[in-house]
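The values are calculated or read from the model by the stated rules, or taken from the named source; none is laboratory data. Only a predicted model underlies this, so the values are computations on that prediction, with no experimental measurement involved. Here the Cβ is made from the backbone with ideal geometry for all residues, glycine too, and neighbour counts use every protein chain on show. Side chains are part of the model used for accessible areas, which takes the heavy atoms of the whole protein and leaves out ligands, DNA and RNA. Shrake-Rupley method; radii C 1.70, N 1.55, O 1.52, S 1.80 Å.
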Amino acid sequence: MTVSSPDEDVTLQDTDRVTGRAALVGNARAALAVAAAVRSTLGPKGMDKMLIDQNGDVLITNDGATVLDTAKVEHPTAKLVIETSITQDQVARDGTTTSILILAELLRNALELSRSGLHPTIIADSYRSAYSLCMEEIDSIARPITSDEDVRNIVSTCIGQKVDSSILDLVCRLALDASESIEIDDPLGERLLVKRVSIEEGAVTDTELISAFVAKKQRFDKSMSNHGGVCSIAIIDGGLEIPEVEFDTELEISSLGIREGFIQRKKEKLERLVSHLESLNVGILAVRDGVDEEAQGMLRRAGINCYRRFDKEDLHRLSEITGATIVRSIETAESVHLGHCDSWEERKVSGVHYLHIFSNYGRGRTLIVRGSTSALRDEVIRTFDDALGVAVRVSGKAPMLPGGGSTWSHLARMLRNEASKHTGKRQLAIEGFADALETIPRVLAQNSGHDPIDRILELSAAQMKSGPWTGFDLMTDNLVSLDSIGVIDLRMVVENALSGATEGAISVLRIDDVLWAKVEPGEPDWNQNDDED
Ligand code: ADP
Ligand code: MG
């Protein structure tokens with residue numbers, strides 16, 4: 001619809017506009033379209049998606065977040081839904097598909113409610129109070145960790161379906177091991193503290209976590225040794241080079257000797273820097289920038305092994321692993337800044353040199369991922385990322401909730417009970433919220449080939465008899481006590497999916513006017529800089 005009313009602001013003339021219910025219809029549809037794209041991936045029996053990018057590269061995955069990452073989406077509400085899942089991924093590292101499905105269902109139900117005469121503000125209010133009730137209820141059903149086995153179960157429920165069972169155990173073990181030295185709100189973050197290096201050689205099962213810094217690097221001076229023992233390491237956020245001075249012809253002709261003077265002074269400066277390092281007894285020098293050719297011989301004579309051109313992240317990793325403090329320049333380096341290396345070596349794998357610096361001194365590790373194809377190694381890395389994210393978050397009091405959709409089914413039942421205490425519109429809206437939560441057990445049932453309605457009824461009846469921790473193990477299709485078989489969801493994942501979906505739905509409900517700027521391809525303004533002076 002185009003704005004034509006004469007009393008409208010003239011600035012709206014180039015704008016398409018959708019208002020009121022039509023805005024909600026468009027927004028809910030967009031959210032449902034995103035949900036439809038990831039719906040079939042939910043749960044351990046979820047299907048895979050084949051993603052093909054512009055270059056024809058193929059990625060097969062059943063990770064909802066990865067599917068959306070590659071999707072090209074234009075609609076602003078669809079983007080908002082995807083953002084909700086990105087936030088979910090960043091904060092909780094799991095539950096991305098869950099959050100999208102709930103958000104889309106909350107909007108679908110809001111649309112139904114608004115069709116039957118409920119104002120969006122009432123729907124939003126009721127959603128908010130339903131959310132608070134859920135958070136209280138979660139507190140009463142969550143359980144504390146009692147053994148290492150619990151932690152392992154949480155991690156494997158999270159990654160179970162994403163990876164072949166032969167590597168599930170391996171990735172779980174590695175992630176738990178890596179998580180030991182990482183705090184959840186660590187400013188350095190998991191990705192920095194555990195470096196991932198993908199190596200073509202060997203089988204996936206050879207993937208290992210080592211207390212070392214590893215990078216594709218070859219020593220600067222080939223005449224030096226390619227390995228060594230205990231030594232100290234200096235990390236410089238700069239280089240070992242002195243800027244060249246440009247001589248123009250005139251200066252060179254009129255003042256012969258000046259150039260030689262400069263070169264001499266540069267050499268002396270380099271010598272001073274190298275002998276400073278030597279006096280500190282530095283064994284390995286790691287610099288972010290370059291190293292002057294002339295310094296090569298000086299470093300060799302001083303017995304300093306030098307590696308250059310590290311990126312910022314690698315400098316931080318090296319610092320974490322060896323305990324060295326990064327300094328801005330060699331002049332400012334002192335012995336307190338040096339880190340500790342237990343041993344180091346360059347290993348050549350498939351023609352590529354990898355520098356390994358082993359140190360048990362600081363934190364930080366490297367995951368060496370092996371496997372025959374890069375797609376396989378990437379999948380292992382993604383799974384490890386998820387598993388590590390979850391392992392790091394298994395903390396706080398009572399972090400375990402029943403998985404397999406049981407938490408959601410329990411919350412939905414609690415809300416329906418609660419709704420019956422209200423009358424009229426609010427009752428309907430709270431029930432709408434409850435229905436949206438039930439999407440999760442519904443879709444889990446569907447994705448494993450069962451009738452969703454039968455399943456929900458069966459699950460609900462079982463929970464009423466034996467409590468919220470009862471549910472379906474989708475691998476065996478038996479009704480079981482979920483903690484006994486380890487189908488456990490992380491509380492943080494559930495709480496965050498719930499809050500993200502509720503906030504997302506409420507923010508869409510508040511919109512009753514969508515203004516689209518008309519974008520018309522026009523002539524570029526070639527003269528835009530002409531009148532600047
Ligand atoms: P998300 O992106 O939301 O994490 P997933 O595809 O990882 O989606 O599916 C997660 C859901 O699958 C959770 O509700 C989890 O409890 C459930 N789940 C995982 N393993 C099992 C299992 N063996 N039995 C039942 N449910 C399971
Ligand atoms: Mg998951």
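If you go through the stretch 418-450 and pick out every residue that is within 16 Å of ligand 2 (Cβ to nearest atom), more than 24 Å from Ser499 (Cα to Cα) and either open to solvent by less than 10 Å² (accessible area, probe 1.4 Å) or in contact with a strand residue (DSSP E or B) (Cβ under 9 Å, 6 or more places away or on another chain) (or both), you end up with 1. Among the residues of the stretch 354-380, those identified as β-branched (Val, Ile, Thr) and either in contact with an Asp or Glu (Cβ under 9 Å, 6 or more places away or on another chain) or at pLDDT 90 or above (or both) are Ile357, Thr366, Ile368, Val369, Thr373.
Taking the conditions exactly as written (in a helix (DSSP H, G or I), more than 16 Å from ligand 2 (Cβ to nearest atom) and open to solvent by less than 40 Å² (accessible area, probe 1.4 Å)), does Ile123 satisfy them or not? Yes: the conditions hold for Ile123. Does any residue of the stretch 483-495 turn out to be closer than 21 Å to Glu105 by Cα, open to solvent by 20 Å² or more (accessible area, probe 1.4 Å), within 16 Å of ligand 2 (Cβ to nearest atom) and at pLDDT 95 or above? Yes, the stretch 483-495 contains a residue that is closer than 21 Å to Glu105 by Cα, open to solvent by 20 Å² or more (accessible area, probe 1.4 Å), within 16 Å of ligand 2 (Cβ to nearest atom) and at pLDDT 95 or above. The residues of the stretch 74-113 that are outside any helix (DSSP H, G or I) and farther than 23 Å from Gly389 by Cα, listed by number, are Glu74, His75.
Residue-level check: of (1) more than 14 Å from ligand 1 (Cβ to nearest atom); (2) modelled with pLDDT of 85 or more; (3) open to solvent by less than 50 Å² (accessible area, probe 1.4 Å), Ser116 misses just (3).
Can you tell me which residue among Ile141, Ile154, Ile145 is away from ligand 2 (no atom under 16 Å from the Cβ), in contact with a Pro (Cβ under 9 Å, 6 or more places away or on another chain) and closer than 20 Å to Leu444 by Cβ?
On the way: Ile154 fails: away from ligand 2 (no atom under 16 Å from the Cβ); Ile145 fails: closer than 20 Å to Leu444 by Cβ.
It is Ile141.
Screening Ile154, Ile138, Ile145 for residues that are touching a Ser or Thr at 6+ places or on another chain (Cβ under 9 Å) and either of a type in the set (S, T, N, Q) or outside any loop (DSSP other than H, G, I, E, B) (or both) leaves exactly one candidate, Ile138. Within the stretch 257-307, the set of residues being open to solvent by 40 Å² or more (accessible area, probe 1.4 Å) and among the basic types (Lys, Arg) comprises Arg259, Arg265, Lys267, Lys269, Arg272, Arg288, Arg300, Arg301.
Would the stretch 238-247 turn up any residue that is within 23 Å of Arg191 (Cα to Cα) and either touching a residue at least 24 places away in the same chain (Cβ under 8 Å) or open to solvent by 10 Å² or more (accessible area, probe 1.4 Å) (or both)?
So in the stretch 238-247, the residues within 23 Å of Arg191 (Cα to Cα) come out as none.
No; the residues of the stretch 238-247 include none that is within 23 Å of Arg191 (Cα to Cα) and either touching a residue at least 24 places away in the same chain (Cβ under 8 Å) or open to solvent by 10 Å² or more (accessible area, probe 1.4 Å) (or both).
Against the numbered list (1) closer than 27 Å to Thr366 by Cα; (2) in contact with a helix residue (DSSP H, G or I) (Cβ under 9 Å, 6 or more places away or on another chain); (3) at pLDDT below 95, Ala286 comes up short only at (3).
Restricting the search to the stretch 71-103, which residues are within 16 Å of Val508 (Cβ to Cβ) and either within 9 Å of ligand 1 (Cβ to nearest atom) or under 11 Å from the mean Cα position of the chain (by Cα) (or both)? Reasoning before the result, please.
Taking the stretch 71-103 and keeping what is within 16 Å of Val508 (Cβ to Cβ), we get 73, 75-85, 87, 99-103.
Within the stretch 71-103, Ser85, Thr87, Ser99, Ile100, Leu101 qualify.
In the stretch 218-231, the condition of being of a type in the set (A, V, I, L, M, F, W, C), open to solvent by less than 70 Å² (accessible area, probe 1.4 Å), at pLDDT 90 or above and within 22 Å of His337 (Cβ to Cβ) is met by at least one residue. Working only within the stretch 447-487, note down all residues that are more than 14 Å from Gly403 (Cα to Cα) and under 28 Å from the mean Cα position of the chain (by Cα). Of everything in the stretch 447-487, those that are more than 14 Å from Gly403 (Cα to Cα) and under 28 Å from the mean Cα position of the chain (by Cα) turn out to be Asn447, Ser448. For the stretch 335-360, the tally of residues that are open to solvent by 50 Å² or more (accessible area, probe 1.4 Å), in contact with a Phe, Trp or Tyr (Cβ under 9 Å, 6 or more places away or on another chain) and touching a residue at least 12 places away in the same chain (Cβ under 8 Å) stands at 3. Note on the stretch 187-212: residues that are open to solvent by 20 Å² or more (accessible area, probe 1.4 Å), farther than 15 Å from Ile321 by Cβ and not in a helix (DSSP H, G or I) total 7. Failed condition for Ala28, given (1) open to solvent by 30 Å² or more (accessible area, probe 1.4 Å); (2) under 14 Å from Ala110 (Cα atoms); (3) modelled with pLDDT of 85 or more, with all others met? Among (1) open to solvent by 30 Å² or more (accessible area, probe 1.4 Å); (2) under 14 Å from Ala110 (Cα atoms); (3) modelled with pLDDT of 85 or more, Ala28 violates only (1). Scanning the stretch 461-493 for residues that are under 18 Å from Ser140 (Cα atoms), assigned to a helix (DSSP H, G or I) and in contact with a strand residue (DSSP E or B) (Cβ under 6 Å, 6 or more places away or on another chain) turns up Gln463, Leu482, Arg491. Scanning the stretch 136-180 for residues that are open to solvent by 30 Å² or more (accessible area, probe 1.4 Å) and among the polar types (S, T, N, Q) returns Ser140, Thr146, Ser147, Thr157, Gln161, Ser165, Ser166.
Residues in the stretch 98-113 that are within 14 Å of Ser499 (Cα to Cα) and either β-branched (Val, Ile, Thr) or surrounded by fewer than 24 Cβ atoms within 10 Å (Cβ to Cβ) (or both): Thr98, Ile100, Ile102.
Can you find even one residue in the stretch 361-384 that is of a type outside the set (Lys, Arg), over 27 Å from the mean Cα position of the chain (by Cα) and open to solvent by 40 Å² or more (accessible area, probe 1.4 Å)? Checked against the condition, which is being of a type outside the set (Lys, Arg), over 27 Å from the mean Cα position of the chain (by Cα) and open to solvent by 40 Å² or more (accessible area, probe 1.4 Å), the stretch 361-384 yields at least one hit. Taking the condition more than 16 Å from ligand 2 (Cβ to nearest atom), open to solvent by 40 Å² or more (accessible area, probe 1.4 Å) and of a type in the set (Val, Ile, Thr), does Ile453 pass? The answer is yes for Ile453.
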